[in-house]
Amino acid sequence: MANTKYIFVTGGVTSSLGKGIISASLGRLLQARGFSVTIQKLDPYINVDPGTLNPYEHGECYVTDDGAETDLDLGHYERFLDIQTTQANNVTTGRIYQSVINKERRGDYLGKTVQVIPHITDEIKRRIMLLGKTGKYDIIITEIGGTVGDIESLPYIESVRQLRWDLGHENTAIIHLTLVPYLNASGELKTKPTQHSVKVLLENGIQPDILVLRTEHHLTREIRKKVSLFCNVNLESVIQSIDVSTIYEVPLLMHEENLDKTILEKLRIKSKTPIKMGPWRDFVFKLKNAKKEVNIVLVGKYVELMDSYKSILESLVHAGATNNARINVECLHSELLNSTNISKKLDGFDGIIVAPGFGDRGIDGKILAVQYARTKKVPFFGICLGLQVAVVEFARNVLGYEDAHSTEMTNMTKHPVIDLMEEQKGITEKGGTMRLGGYSCELYESTKVYRAYRKKMIRERHRHRYEFNNDYLTDFEKQGMIAAGVNPESNLIEIMEQPDHPWFIGTQFHPEYNSTVLNPHPLFVSFIKAAIDYSG
Ligand code: GLN
């Protein structure tokens, strides 16, 4: 692309205002106007990637097809834009410093003192420009994580300031997202936090072009004028982002507020095609007017923070809309399940998901949930650890290997039905060393998964160290749990299913990373269909 345009999205006042959703919504609208768009996230923390972060703290770790462990916002980008992101789409301070320090050790700086400016900022700028250099995109949106004014955000804001000079104002635009709180006591919306937040940006040499204001109540023209006056942006650049019932409505609301039109004017470009949001509108309509209802339980151990299972929850939303069904999801902590309460806890659900996870905490509750699904014939979907637990349950309760287990949980078992992958033996470092990213999988005809995908070769993303132990395959298949898909190169079993059960499927990969609004994932669609049938 001769002239790639760069949009930067910053946030002020508080975190969790939804920069990711605003970035993804804008990306979707620009795409709908004929532009090729990608979105990148810069995270100011020092971890090299979020792979080593506890899901309680940071929510899900999203995995790209090329094997990067990334921030969950990349999931929103892919789901909204129906694109694939890459290693280059998520950069952290840790990664920036790692590159600079590696260069310094190699002697690349030729004796110079290595400093935040220019060396760190140059590396940030290089990473921002990297996606532009691929020549694939008309527009690149860069979301800056954190909140303006934080110490750790400063080098990023400085890099954006410099890039505006390097690239020119007509090639860059800055959107600042803030909060307009409502004070109950006085019944007023307050603009002061926004004014202060813009001041902080100005102190750092940045004048935002557009302000997106998160609010619980509609902004009056007076409020917008006040913000416009105090923050040096014109009235049409003050955009309201009101709370909505589903994140998928945000692109439509941003379009009503003319965010896409305003940004194109700032960038001095014209829409390539008339805007096409038809399929998106259909999806939102279906979502809000679903006729049926199904109850799904997600059994996991990170249930206190729903963001830990973000992609699974969104995949269920996509599959629900496709099936004209509203999905009620309840997350159940597996540690709370025991043989006395299991029937009571799982009664009334039309589908059971056992979630991905690590370590043995809560594992017994997961095994009980699988047993319940298997024996009561409730549709069951096991994802990654969920598959592994299903294998352990089958080995113990059907094959009679009482102490069967995954060697992740114990090395004492006589029946290691789930075992460490060969390539993992000898690995000691934790960061970025799992089997990560997209691998192909060949499906066996006459399986349920084949009927769901309607093709033989698929590609899905992985994040694990353990695998099904092929020494046991014949035992399993004889008793009714079969391999439904394998990796053709390594022979690793990627999917198992139980043909005698209405819907019992476990996948070693994470299908949830591949579900988008415009292409809901076939396994989730099929699972929800089975749950609807089960609900009668
Ligand atoms: N802990 C398991 C493994 O490493 C499963 C991982 C997961 O569920 N993502 O193989």
TODO: Could you grab the relative contact order for the range 163-312? Cα pairs under 8 Å, six or more apart, rounded to a whole percent.
DONE: 19
Open item on the list: Of Leu219, Ser339, Leu229, which is farthest towards the positive pole of the chain's charge dipole, taken about the Cα centre with +1 and -1 on the beta-carbons of Lys, Arg and Asp, Glu respectively?
Closed with: Leu229
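Rank these by accessible area, largest first, 1.4 Å probe: Arg95, Arg33, Arg461. Intermediate values should be presented prior to the final figure.
Working: Arg95 60, Arg33 35, Arg461 0 Å².
Largest accessible area first, the list is Arg95, Arg33, Arg461.
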- [ ] Name the residues whose placed amide hydrogens come within less than 5 Å of the amide hydrogen of Asn90, ignoring near sequence neighbours (fewer than 5 apart) on the same chain.
- [x] Lys41
Task: Scattering profile of the range 1-91 at q = 0.14 Å⁻¹ [log10 I(q)/I(0), Debye over alpha-carbon scatterers] - done: -0.51
Task: List Phe358, Phe527, ordered by accessible area with a 1.4 Å probe, largest first - done: Phe358, Phe527
Open item on the list: Quick query: amide H of His464 versus all other amide H atoms, modeled in the peptide plane; which residues come in under 5 Å with a sequence gap of 5 or more or a different chain?
Closed with: Arg435
Open item on the list: Show log10 I(q)/I(0) for the range 304-346 at q = 0.20, 0.23 Å⁻¹, two decimals, from a solvent-free Debye sum over equal Cα scatterers.
Closed with: -0.76, -0.84
Open item on the list: Exceeding 20 Å between C-alpha atoms, which entries from my cross-link table qualify? They are Lys286/Lys455; Lys19/Lys276; Lys5/Lys133; Lys190/Lys261; Lys41/Lys226; Lys125/Lys192.
Closed with: Lys286/Lys455; Lys19/Lys276; Lys190/Lys261; Lys41/Lys226; Lys125/Lys192
Task: Under the Karplus curve 6.51 cos²θ - 1.76 cosθ + 1.60, θ = phi - 60°, whole-Hz ³J(HN,Hα) for the range 293-307, x wherever Gly or Pro sits - done: 9, 10, 10, 10, 10, 10, 9, x, 10, 10, 6, 5, 10, 4, 4
Task: Amide H contacts under 5 Å for Thr70, placed H, 5+ residues apart - done: Tyr62, Val63, Thr64
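Probe radius 1.4 Å, ligands and nucleic acids left out: which of Met254, Met409 has the largest accessible area, and how do the rest follow?
Values: Met254 0, Met409 30 Å².
My answer, sorted largest first, is Met409, Met254.
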Task: Protection proxy ranking of 268-278, 65-75, 331-341, 291-301 - average other beta-carbon atoms within 10 Å, highest first - done: 65-75, 291-301, 331-341, 268-278
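For the range 110-199, what is the relative contact order in percent, using Cα pairs closer than 8 Å and at least 6 residues apart in sequence?
Details: 45 pairs, mean separation 19.1, N = 90.
Once normalised by length, the contact order is 21 percent.
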Open item on the list: I need the P(r) histogram for the chain: all alpha carbon pairs, bin width 20 Å from 0 out to the longest distance, whole percents.
Closed with: 21, 50, 26, 3
Task: Fraction of beta bridges assigned by DSSP in the range 278-376 that are antiparallel (%, nearest 5) - done: 0
- [ ] Kindly write out, for the range 521-529 in residue order, the coupling ³J(HN,Hα) from the Karplus curve 6.51 cos²θ - 1.76 cosθ + 1.60 (θ = phi - 60°), rounded to whole Hz, with x marking Gly and Pro.
- [x] 6, x, 6, 5, 4, 5, 4, 5, 4
- [ ] Report Asp403's accessible area, 1.4 Å probe, all protein chains in place, as a number in Å² to the nearest 10.
- [x] 50
Open item on the list: Which three numbers, in whole Å and largest first, are the semi-axes of the equivalent ellipsoid of the range 347-450 derived from its Cα gyration tensor as √(5λ)?
Closed with: 24, 19, 14
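Provide the net charge surrounding Gln207, with neighbours chosen by a C-beta distance below 13 Å and charges set as Lys +1, Arg +1, Asp -1, Glu -1.
Details: positive: Arg161, Arg164, Lys199, Lys266; negative: Glu203, Asp209.
Result for the local shell: +2.
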- [ ] Roll a 1.4 Å probe over the protein heavy atoms and report the accessible area of Trp503 in Å², nearest 10.
- [x] 10
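Using Cα pairs under 8 angstrom and six or more residues apart, how large is the relative contact order of the range 37-141, in percent? Present the calculation step by step, with values, prior to reporting the outcome.
Values: 129 pairs, mean separation 36.3, N = 105.
Once normalised by length, the contact order is 35 percent.
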TODO: Provide Rg over Rh for the range 246-400; use the alpha carbon set for both Rg and the Kirkwood Rh (inverse mean inverse pair distance).
DONE: 1.15
- [ ] Work out from phi, with θ = phi - 60° and the Karplus expression 6.51 cos²θ - 1.76 cosθ + 1.60, the ³J(HN,Hα) of each residue of the range 131-140, listed in order in whole Hz, and give x for Gly and Pro.
- [x] 5, x, 5, 5, x, 8, 10, 7, 9, 10
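Counting only DSSP beta bridges with both residues in the chain, what percent are antiparallel, rounded to the nearest 5?
On the way: 25 of 77 bridges.
Once the DSSP bridges in the chain are tallied, antiparallel ones form about 30 percent.
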Task: Environment charge at Pro416 (Cβ cut-off 12 Å; Lys +1, Arg +1, Asp -1, Glu -1) - done: -4
Open item on the list: Compute the angle between helix 154-167 and the longest alpha-carbon principal axis of the chain, please, reported from 0 to 90 degrees and rounded to the nearest 10.
Closed with: 60
TODO: Express the Stokes-Einstein translational diffusion coefficient of the range 153-221 in µm² s⁻¹, to the nearest whole number, given a Kirkwood radius over alpha-carbon pairs, 10 °C and a viscosity of 1.306 mPa s.
DONE: 117
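The values are calculated or read from the model by the stated rules, or taken from the named source; none is laboratory data. For clarity, every value in this text was computed on a predicted model and none was experimentally measured. Backbone-built Cβ (ideal geometry, glycine too); neighbour counts: all protein chains shown. What goes into the accessible areas is simple: the full protein's heavy atoms, side chains included, and nothing from ligands, DNA or RNA. Shrake-Rupley method; radii C 1.70, N 1.55, O 1.52, S 1.80 Å.
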